[in-house]
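Just below is one structure, and these are the notes that go with it.
Derivation of every value follows stated rules applied to the coordinates shown; laboratory data play no part. Computed from a prediction, not measured in an experiment: that's the story for all the values here. Virtual Cβ from ideal backbone geometry, glycine too; neighbours counted across all protein chains shown.
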Amino acid sequence: MKLLVTGGAGFIGSAVVRLAVAQGHAVVNLDALTYAACLENVADAAQHPDYVFEQADIRDRAALDRIFATHKPDAVMHLAAESHVDRSIDGPGDFIETNITGTYQMLEAARSYWMAQGKPDEFRFHHISTDEVFGSLGETGQFTETTPYDPRSPYSASKAASDHLVRAWAETYG
């Protein structure tokens, strides 16, 4: 399976990349290399012949279309995002642009690619969110499948919005 991993040089994304390569998957690591990225985290995976790195911004639709057309992934694992609550309070605009608009661009690029490939049933778009969309932990100290959304920062609101976009695209376009 060929995976397109967005944010693959980030903390969690790099772990996904390393595991996927170790399990024998071909991986295209798409990352803008912003403040949270570290290519050293994927240095071992980068030595693998089935690993490719693409430096691009998820808001850049032309770059996304080129990456999909060139690499023809079987699945997307979308982890790219602006993160950290404190940073979102100081500068919410980057969070809105990347987490919402960037996710929209990813969805549209993936949908266009999926349609061009004949809408294969096995193609998947996996969106990775955050527990921050559920607000603060209550007395039990855990969230459950029935915990309602309760974002309380620009970061969590932007991730909740991106979650809703992904669900809407799945429901609307399949």
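Using helices alone, I'd like the mean residue ellipticity at 222 nm for the chain: each DSSP H run of four-plus residues gives -39500 (n - 2.57), total over residue count, nearest 500. Counting only the DSSP helices, I get -12000 deg cm²/dmol. Can you give the log10 of the normalised intensity I(q)/I(0) at q = 0.22, 0.31 Å⁻¹, computed with Debye over equal Cα scatterers of the range 1-59? Reported log10 I(q)/I(0), two decimals: -0.72, -1.40. Qualifying trypsin sites (Lys or Arg not before Pro) in the range 132-174, where qualification requires a DSSP coil assignment and no more than 16 other C-beta atoms within 10 Å, comprise Arg152.
Here's the list of aspartates and glutamates a cross-link from Lys119 could span, going by alpha-carbon distance under 20 Å and ignoring same-chain residues fewer than 8 apart: Asp65, Asp74, Glu108, Glu171.
For the range 24-129, the residue among Ile89, Gln105, Gly24 whose Cα projects farthest onto the positive side of the dipole built from Cβ charges is Gln105. Nearest 10 degrees is fine. How inclined is helix 103-116 to the longest principal axis of the chain, computing both from alpha carbons? The angle comes out near 40 degrees. For the chain, the Cα gyration tensor yields ellipsoid semi-axes of 26, 19, 16 Å (square root of five times each eigenvalue, largest first, whole Å). Residues Met1, Met106, Met77, arranged from fewest to most other Cβ atoms within 10 angstrom of their Cβ, appear as Met1, Met77, Met106.
Here the simple spin-label model places points 7 Å from the Cα toward Cβ, and for Tyr173 and Ala69 these points are separated by 1.7 nm.
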